[in-house]
Amino acid sequence: MKILTNIRFLKVAGIAQTLLSFADFIQKDKTAKNIQFIGVNVENSIKNGEQVLISKSREKNFRLVSISMLLPDIKEIVERSANIKDVENAYGPLIETYLSIILKEKPDLVLLNGTYYLPWCLYLAAKRAGVKTAVHYHGCLTKETEHFAEHQRMVFREMEKMFFSNDNRYIFPSQMAKDTVVGEVFKNEIKHFRILPNPIPLHFFDIIKKKRKSRRIGSVGRWTYVKNPHFIEKLALYNARQIKNFTIHIITDIGAIARLPLRILDVVKLTKPMDNHKLPDFYSKMDLIICPSHFETYGNVAQEAVASGTPALITPTMGVAETFRHFGLDRWIIDFSSPARVAKAMENALSETITPALRMEMRQEMNPQRIHSLLLDYIKYN
């Protein structure tokens, strides 16, 4: 079986890390030896004034196809488009490029990771080619753009709605993600779906957590509305006023520095994105991780922190809350409505330790081989 998918190489992005983990599984696991996996990576750049298409083999059953082309800015296109058809026309060259790759490679299935404009363009190309598609949900475009202007929200909603088809297979990382997409996006029931939580890479379990007397609070994620970064700002100022003696460490896109109020820079420490294999060390040096997101279909950071031996506080509007409940961590699912309320929950969580037994249980149930095997079994013959 030949599977073609969109792929990206980013240091801080749950979708990229989960997909790269799946690609690694395809290359190494014996059960995937009859699978040919083709990753299509689009670089928004131009070389020598023309589109560049590079095909490079990495392993016998995994091949990377890289496209280098100048892409219009999606937000600018949406803002000046009257409807979704205008957006489709603006990305016509990319859709045609995807189509030519599909026709050349002749995949049995196109696996779409996410519903943003790149997988959307690949989806349109797959439909034109008459190739079966499976949609692996990572984030919900409708929720992530709900703070945009009405016209922009409308166009992005239409983009995501186009992923609805009774012929599609869907993979959701949580029941909450599935319910949100069905109820708020498609507004139609779907026939074929599987709920599979995101796996935890094994290197997060290998770190040895050392006891510390510090009060280091960590946060990891993009500085975007859906991640609720403004709560981090409020908590930092509350911490400074109340002399709570927390130190707040944030890993985020470095451009966030320019968007932060100057008074915040004195009470938080910002670190640029790092390789996923370096995150366990960061988590283990923190005494607590906080995830104040307004909404996430899942939320890898929280479970990675716990796997590394560090407690994490999360909102109930994150899919990973289902995993926390499964492992008896309900008490760490809290209301982030006020810094004072969260500070109290932080004090309670700081007094707790994560047992080796819990980490072992999570390692067994959330390991990549198990979850990727279930994913492959679901999409392989459908």
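The values are calculated or read from the model by the stated rules, or taken from the named source; none is laboratory data. As the structure is a computational prediction, the values presented were derived from the model and not from experiment. Cβ atoms come from the backbone with ideal geometry, glycine included; neighbour counts cover every protein chain shown.
Do we find that A258 is small (G, A, S) and modelled with pLDDT of 95 or more in this structure? Answer is no for this residue. In the stretch 345-362, the residues that are in the same structural domain as A312 (by TED's automatic domain parsing) and on the phi < 0 side of the Ramachandran plot form Cβ pairs under 8 Å with partners that are outside any helix (DSSP H, G or I) and polar (S, T, N, Q), at six or more places apart or across chains, as follows: I354/T310.
Listed here are the residues, each with its yes/no results for (1) in contact (Cβ under 8 Å) with a residue 40 or more places away in the chain; (2) on the phi > 0 side of the Ramachandran plot; (3) not hydroxyl-bearing (S, T, Y).
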site: F186; (1), (2), (3): no, no, yes
site: K210; (1), (2), (3): yes, no, yes
site: S214; (1), (2), (3): yes, no, no
site: G221; (1), (2), (3): yes, yes, yes
site: K234; (1), (2), (3): yes, no, yes
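Name the single residue that is surrounded by the fewest Cβ atoms within 10 Å (Cβ to Cβ) among those in the stretch 150-171 being in contact (Cβ under 8 Å) with a residue 40 or more places away in the chain and among the aliphatic types (A, V, I, L, M). Among them, the one singled out is M162. Among residues that are touching a helix residue (DSSP H, G or I) at 6+ places or on another chain (Cβ under 8 Å), crowded, with 24+ Cβ neighbours inside 10 Å and closer than 27 Å to H203 by Cβ, I290 is included.
Name the single residue, out of those in the stretch 314-334 being within 18 Å of the chain's Cα centre (by Cα) and not in a helix (DSSP H, G or I), that is surrounded by the most Cβ atoms within 10 Å (Cβ to Cβ). In this case the residue turns out to be I314.
Scanning the stretch 32-46 for residues that are modelled with pLDDT under 80 and not hydrophobic (A, V, I, L, M, F, W, C) yields a count of 2.
Does the stretch 172-189 contain any residue that is surrounded by fewer than 22 Cβ atoms within 10 Å (Cβ to Cβ), within 22 Å of T323 (Cα to Cα) and acidic (D, E)? Looking through the stretch 172-189, at least one residue is surrounded by fewer than 22 Cβ atoms within 10 Å (Cβ to Cβ), within 22 Å of T323 (Cα to Cα) and acidic (D, E).
Taking the stretch 142-165 as the range and being part of a loop (DSSP other than H, G, I, E, B) and more than 25 Å from P197 (Cβ to Cβ) as the test, the residues that pass are H147, F148, A149, M162.
Return a yes/no flag: does the stretch 217-229 have any residue that is surrounded by fewer than 20 Cβ atoms within 10 Å (Cβ to Cβ), assigned to a helix (DSSP H, G or I) and either out of contact with any helix residue (DSSP H, G or I) (no Cβ under 7 Å at 6 or more places or on another chain) or in the same structural domain as L313 (by TED's automatic domain parsing) (or both). Yes, there is a match, as at least one residue in the stretch 217-229 is surrounded by fewer than 20 Cβ atoms within 10 Å (Cβ to Cβ), assigned to a helix (DSSP H, G or I) and either out of contact with any helix residue (DSSP H, G or I) (no Cβ under 7 Å at 6 or more places or on another chain) or in the same structural domain as L313 (by TED's automatic domain parsing) (or both).
Can you say whether G139 is part of a helix (DSSP H, G or I) and either of a type in the set (G, A, S) or outside the structural domain of Q36 (by TED's automatic domain parsing) (or both), as far as the supplied structure shows? No: the conditions fail for G139.
Out of the stretch 85-118, which residues are under 17 Å from N44 (Cα atoms) and either assigned to a loop (DSSP other than H, G, I, E, B) or polar (S, T, N, Q) (or both)? Scanning the stretch 85-118 gives Y91, T97, Y116.
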